[in-house]
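Chemist: This is the structure I have questions about; it appears just below.
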Amino acid sequence: MAEMNGDRSHRGAFEATRSRAFRAAGRHSSRVVFLRRFILASSILGIVALVVIGVFNPFGQLPQNVSISGGNLDGTRVTMEKPKLNGYRKDGRPYEVRASSGVQDVRKPSIIELKDLDARIGMSDRSTVRVASPFGVYDSTREFMDFQGEVSIKSDTGYDIRMQSAQMDFKAGTVVSDKPVSVVMTNGTVLADRLDITDSGRLITFAGNVRSTILPEKDTSPGDQDEPGPPKGEAP
């Protein structure tokens, strides 16, 4: 009897030890499975984060000639603070465009919508042309700007062009407007339905219902001053 009781005690102890071992092994397996899942999830999140940063980073998507003072992302649209873009025309003269704000869709990174534009363009005669417009769309691949809404072009040499819209190719040095335009110069005015500026500003062509007023230059030679007569430009 004593031997049988001893065997039962040994078997009971063995079963208890084996049960504890199974439970410990189960806990270990659960930890291993959790760690594997955690590592896998972390890896996936890391890859997704890299993709998101690469696609939606507003600074990484900016054209090389565009700089901004700050920006934020709303969906696929990046809002830029005080964007500035620089470049050179085909004649080597620089141009610079500043705006109060800009918007870029990351799905079309080369297109930027700009507000309150102020552009300065160097001319071949070393003068500077200033272009102002409340709104514009810039295409960095073509270095092309579509100015819209009360566009003005002023030159150091004395002319002031006003139009409702203008398409400017910075690289080629051309400006086209197919809406009514007015030009005020030092010696007259020109009104037309269309304007073409080519050859980096050297040639200006007007078309469609062109009306011009040219004032004769004042002659201040001593001989003319001695002769009395009606004022220049007025009918006698």
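Chemist: If you check Gly92 against the conditions, is it surrounded by 14 or more Cβ atoms within 10 Å (Cβ to Cβ) and either at pLDDT below 90 or touching a His at 6+ places or on another chain (Cβ under 7 Å) (or both)?
Modeler: No; evaluated as a whole, the condition is false for this residue.
Chemist: Another one. I'd like to check something: does the range 119-140 contain any residue that is loosely packed, with under 14 Cβ neighbours inside 10 Å, assigned by TED's automatic domain parsing to the domain that holds Thr198 and under 27 Å from Asp74 (Cβ atoms)?
Modeler: Within the range 119-140, none of the residues are loosely packed, with under 14 Cβ neighbours inside 10 Å, assigned by TED's automatic domain parsing to the domain that holds Thr198 and under 27 Å from Asp74 (Cβ atoms).
Chemist: Being assigned to a loop (DSSP other than H, G, I, E, B), β-branched (Val, Ile, Thr) and at pLDDT 85 or above is the filter here; which residues of the range 191-236 pass it?
Modeler: The answer is Val210, and nothing else.
Chemist: Also, I was wondering about something else. Return the total of residues in the range 81-100 being within 11 Å of Ala119 (Cα to Cα), acidic (Asp, Glu) and in a loop (DSSP other than H, G, I, E, B).
Modeler: 0
Chemist: Now for a separate question. If you take the residues in the range 141-163 that are loosely packed, with under 14 Cβ neighbours inside 10 Å and small (Gly, Ala, Ser), which one is modelled with the highest pLDDT?
Modeler: Gly149
The values are calculated or read from the model by the stated rules, or taken from the named source; none is laboratory data. Predicted, not measured: the structure shown is a model, and the values here were computed from it. Every residue, glycine as well, gets a Cβ built from its backbone with ideal geometry; the counts of neighbours run over all protein chains shown.
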